[in-house]
Every structure is written in C-alpha cells, then in structure tokens.
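First the structure, in the form of structure tokens, and then the observations on it.
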Amino acid sequence: MLSKSKINEVIAEIEKFSANKIEEVDAFRIEHLSKKGTIAQLFGEFKTVPNEQKKEIGLALNKLKTIATEKINSLKEELLSADNIEKTLDLTLPGDDVKLGSRHPLSIVRNEILSIFSRLGFVISEGPEIEDDWHNFSALNFPKEHPARDMQDTFFVEKDPDIVLHTHTSSVQVRDMESHDLPIRLVTPGRVFRNEAISARAHCIFNQIEALYIDKNVSFADLKQTLTYFAKELFGQETKIRLRPSYFPFTEPSAEMDVTCSICHGKGCNVCKGTGWLEILGCGMVDPNVFELNHLDKDKYTGFALGMGIERIAMLKYTINDLRLFFENDIRFLEQFTAADI
C-alpha cells in the first residue's frame with residue numbers, strides 16, 4: 001500500500017540525482033515523469049489509500065511531482081548554459097577593440113580657451129541664464145530705450161519687471177562686480193540666447209566666453225598683450241593679430257580683433273574671403289559709466305573686457321562651414337573629434 005515513507009524515499013532519490021549530459025537528464029525524466037514512470041505509478045496507487053490518509057498522501061505526492069519537475073528543469077538549464085559557453089567562447093581569439101568616446105567639438109574648444117585664460121591667472125565664474133534687465137542691460141551702460149539694445153534681439157520671459165534669457169555672459173560679470181572685492185580677473189563661459197533666425201552662420205542659442213580684468217593702472221597695452229598671448233596659444237605661435245575700432249556700450253575705446261587665417265596663413269583663401277584675416281572677438285577698456293553704475297571708483301580703477309563665440313572659433317579651428325552641425329548630434333560629424341582632441 002502507498003505510504004508517505006515510500007514517497008519520501010523517491011524524493012530523496014530525486015534530490016541526490018546529478019548529471020553531466022543532457023541525455024542523462026532526459027532518461028531521468030522518462031524514469032520518473034513519463035506516463036509509465038515512477039510518479040505516475042504512485043498516483044495510480046493513490047486509490048488504495050484509506051480516506052483518512054488521502055489528504056496527507058495527496059500533498060506528499062504533489063510535493064514529489066514539483067520537486068522532480070524543478071530538479072529536471074534546473075539540471076537542463078545548467079547543462080545547456082555550460083554547453084553554450086564551451087561552443088561560443090574561444091579564448092584564443094583576439095579581444096574586442098574598445099572604441100573610445102570623444103568630446104563635443106564645442107567642449108574641446110571651450111576647455112582649451114578656459115585653460116589658456118587660467119594660465120594667465122583668470123578665475124572661472126558662472127551665473128544664471130535667466131536674468132533681470134539690470135544685470136543684462138542697464139548695469140552695462142544700455143539705458144532703457146537706447147538704440148544700443150537693438151544690437152541684441154532678446155527673448156523676454158516676463159514683463160514688469162523685464163526678465164530675459166541673458167544675451168551675453170557680461171551679466172555674470174555684473175554679478176561678480178557686485179560680490180567680489182577688487183581687483184578681479186574673471187573668465188565667464190555660458191550659453192546665451194538671442195532671437196535670431198537659424199542658419200549656417202547664426203543660431204538662437206550659442207556659447208560665449210568673456211573675460212574681465214579690473215585693477216589699478218590697467219591699460220590698453222595690457223589688453224593687447226593678453227590678446228596676443230591668447231591668439232598664439234589657440235591658433236599657433238605664428239599667428240598675428242590686428243585690432244579694428246568698433247563700438248560696444250560697455251567698453252570705450254572698443255575694438256574687434258582679427259587673427260591671421262589659420263588655413264592660408266595670411267595669404268588669402270575662401271575661408272577668409274581673400275583678406276588673410278579672420279574676426280574672432282570683440283574687446284575694449286571698461287567704460288567709466290559701467291564703473292559708476294556698479295558703484296566702483298572710476299578714478300582709482302581701470303579694466304578691460306573681451307568676449308567671443310565658441311562656435312565661431314570652433315568653425316575656424318576645424319574648418320566647419322555650417323554652425324547647425326554643432327546642434328544636430330549627427331554621429332558621423334561627432335566621430336571626427338577623437339579622444340586625442342580631448
């Protein structure tokens with residue numbers, strides 16, 4: 001007659017079983033789980049069990065079947081996994097080539113520019129992209145209703161008071177003049193926003209780096225020497241610069257700086273339109289009105305400021321003819337800038 005001890009003996013036998021081949025597992029399955037197997041025979045004997053023992057014996061039989069099924073599935077999975085590893089893993093094959101990533105070209109140029117100014121003693125300073133009218137315009141000698149404000153098509157976020165997406169990182173310099181003791185020597189990188197049509201030469205979002213130096217007896221000669229060092233470090237020691245008179249509300253005198261074309265080395269080509277020169281930044285001596293607006297002593301201190309677009313310099317440095325490529329995330333374009341450029 002079927003008893004619990006007989007079932008436990010079969011359970012013990014199943015739990016001890018091990019196999020090295022799939023064929024052994026299949027034979028074990030047929031022995032215990034087939035229609036004529038051990039477990040089927042035990043279920044056939046269940047009808048001879050007295051009624052008072054049916055519940056206990058029935059639970060034991062179900063447990064036996066579960067244990068047998070799980071044991072077979074476990075052994076099959078283990079042996080199939082080991083068999084696949086043996087078939088697919090060839091330790092004599094050469095290793096896979098690990099492909100290094102690369103930085104975005106704008107990040108490469110940004111870091112290079114910041115590194116040059118850091119060697120000159122400038123400290124990196126960053127600020128908010130959403131600004132008020134005072135920090136973005138008024139404190140930089142852009143009076144309300146002054147036509148100089150038309151130089152920068154602005155994204156206004158709110159009215160009353162005017163809140164804008166800052167149009168230049170000069171707004172960060174205003175905050176630095178408010179919070180830092182003089183002298184200051186700062187370089188301010190960041191994204192800026194202007195309401196312009198997107199084209200191969202312009203975008204409504206671009207990256208800018210500006211520098212500000214305020215101290216006693218700072219002269220235009222200091223500005224020119226800083227610009228010369230910067231240009232030679234960025235474009236090569238043979239690079240020359242020239243300064244052309246210009247206008248910016250926050251500097252007086254103001255200038256645009258050109259460098260000799262890095263493509264033709266000043267001989268003239270399509271990139272420089274045959275002139276041999278490329279414009280890269282604007283600069284000038286800090287206007288005395290800016291000192292007064294920011295409560296600084298204009299008779300005691302002087303300073304210079306300069307600013308440049310990172311996209312423009314990257315386009316010159318890498319001979320890129322469409323600014324939109326920087327924003328499209330085309331992997332074919334980005335893969336040209338290898339880890340060696342980092």
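The values are calculated or read from the model by the stated rules, or taken from the named source; none is laboratory data. Source: prediction; values computed, not measured. Heads up, the Cβs are rebuilt from the backbone with ideal geometry, glycines too, and the neighbour counts pull from every protein chain shown.
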Would you check which residues across the stretch 150-181 are farther than 19 Å from Phe304 by Cβ and either of a type in the set (S, T, N, Q) or in a loop (DSSP other than H, G, I, E, B) (or both) and list them?
Gln152, Asp153, Thr154, Phe155, Lys159, Asp160, Pro161, Asp162, His166, Thr167, Ser179
Give the residue that is surrounded by the most Cβ atoms within 10 Å (Cβ to Cβ), with candidates limited to residues of the stretch 205-237 that are in contact (Cβ under 8 Å) with a residue 40 or more places away in the chain and assigned to a loop (DSSP other than H, G, I, E, B).
Val218
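When you go through Val174, Val157, Val187 one by one, which is the residue that is of a type outside the set (Asp, Glu), modelled with pLDDT of 90 or more and under 27 Å from the mean Cα position of the chain (by Cα)?
Details: Val174 fails: under 27 Å from the mean Cα position of the chain (by Cα); Val157 fails: modelled with pLDDT of 90 or more.
Going through Val174, Val157, Val187 in turn, the sole match is Val187.
A quick yes/no check of all residues on (1) in contact (Cβ under 8 Å) with a residue 40 or more places away in the chain; (2) within 19 Å of Glu126 (Cβ to Cβ):
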{"residue": "Arg149", "(1), (2)": "no, no"}
{"residue": "Thr154", "(1), (2)": "yes, no"}
{"residue": "Arg185", "(1), (2)": "yes, yes"}
{"residue": "Glu196", "(1), (2)": "yes, no"}
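Anything in the stretch 115-138 that is outside any loop (DSSP other than H, G, I, E, B), closer than 16 Å to Glu210 by Cα and at pLDDT below 90? List them, or say none. Walk me through how you get there before you give the answer.
Pass one, the stretch 115-138, residues outside any loop (DSSP other than H, G, I, E, B): 115-119, 123-124, 130-136, 138.
This time we only want the ones that are closer than 16 Å to Glu210 by Cα, so: 115-119, 123-124, 135-136.
Answer for the stretch 115-138, where residues must be outside any loop (DSSP other than H, G, I, E, B), closer than 16 Å to Glu210 by Cα and at pLDDT below 90: His135, Asn136.
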Looking at the stretch 238-337, what helices (runs of 4 or more DSSP H) fall wholly within it and have at least 2 residues that are within 25 Å of Asp150 (Cα to Cα)?
288-293, 310-318
Checking Ser118, Ser34, Ser3, Ser102 in turn, the sole residue that is of a type in the set (S, T, N, Q) and in contact with a strand residue (DSSP E or B) (Cβ under 8 Å, 6 or more places away or on another chain) turns out to be Ser118
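Between Ser107, Ser102, Ser115, which is loosely packed, with under 12 Cβ neighbours inside 10 Å and more than 30 Å from Asp162 (Cα to Cα)?
Values: Ser107 fails: loosely packed, with under 12 Cβ neighbours inside 10 Å; Ser102 fails: loosely packed, with under 12 Cβ neighbours inside 10 Å.
None of the others qualify; the one that does is Ser115.
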Of the residues in the stretch 80-114, those that are modelled with pLDDT under 75, of a type outside the set (S, T, N, Q) and part of a helix (DSSP H, G or I) number 6
